[in-house]
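These notes concern the structure reproduced below.
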Amino acid sequence: MKDGIYFVVFKSAQNDVGTGTVVVRNNTVNGGDFGFTYQGVIQANSLDLLVFQHDPQAQCVIPGLHEYRTTFAITQSASGYLLQGSILGIPNSNLEVHAKFIGDLV
């Protein structure tokens, strides 16, 4: 992924999960939203991402899950990137993230 600031939309098979902001710099990803933080590393066209719930009131992809790791395949899209993957250790937990490029880094 290109270094920059991205608006992200998380979706699961069950529902639209939420939105947030991430910063990509030198193949690292850091970001969050009102309930979760995201931290990960990009290698080739894959993102290994740790998601941690910091607000217990926030809705999670899977109810009761407060921390999880995902591996996403990354493909370029018209507005940025499409990431598709699943939560490690949870069958049929398919996730999709739309990452829209919204700005360069200083």
Practice task
Quick one: in region 77-106, of everything that is farther than 19 Å from residue 31 by Cβ and not hydrophobic (A, V, I, L, M, F, W, C), which residue is modelled with the lowest pLDDT?
Solution key: 91
Exercise for the section: Could you give me the residue pairs with C-beta distances under 6 Å whose first residue belongs to region 84-106 and is in contact (Cβ under 8 Å) with a residue 12 or more places away in the chain and farther than 19 Å from residue 21 by Cα, whose second residue is charged (D, E, K, R) and surrounded by 11 or more Cβ atoms within 10 Å (Cβ to Cβ) wherever it lies, and which are 6+ apart or on separate chains? Expected result: 88/69
Exercise for the section: Confirm whether residue 21 is of a type in the set (S, T, N, Q), in contact with a Gly (Cβ under 9 Å, 6 or more places away or on another chain) and closer than 16 Å to residue 8 by Cβ. Expected result: yes
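The values are calculated or read from the model by the stated rules, or taken from the named source; none is laboratory data. Note that the structure is predicted; figures quoted are calculated from it, not measured. Neighbour counts run over all protein chains shown; Cβ positions are idealised from the backbone, glycine included.
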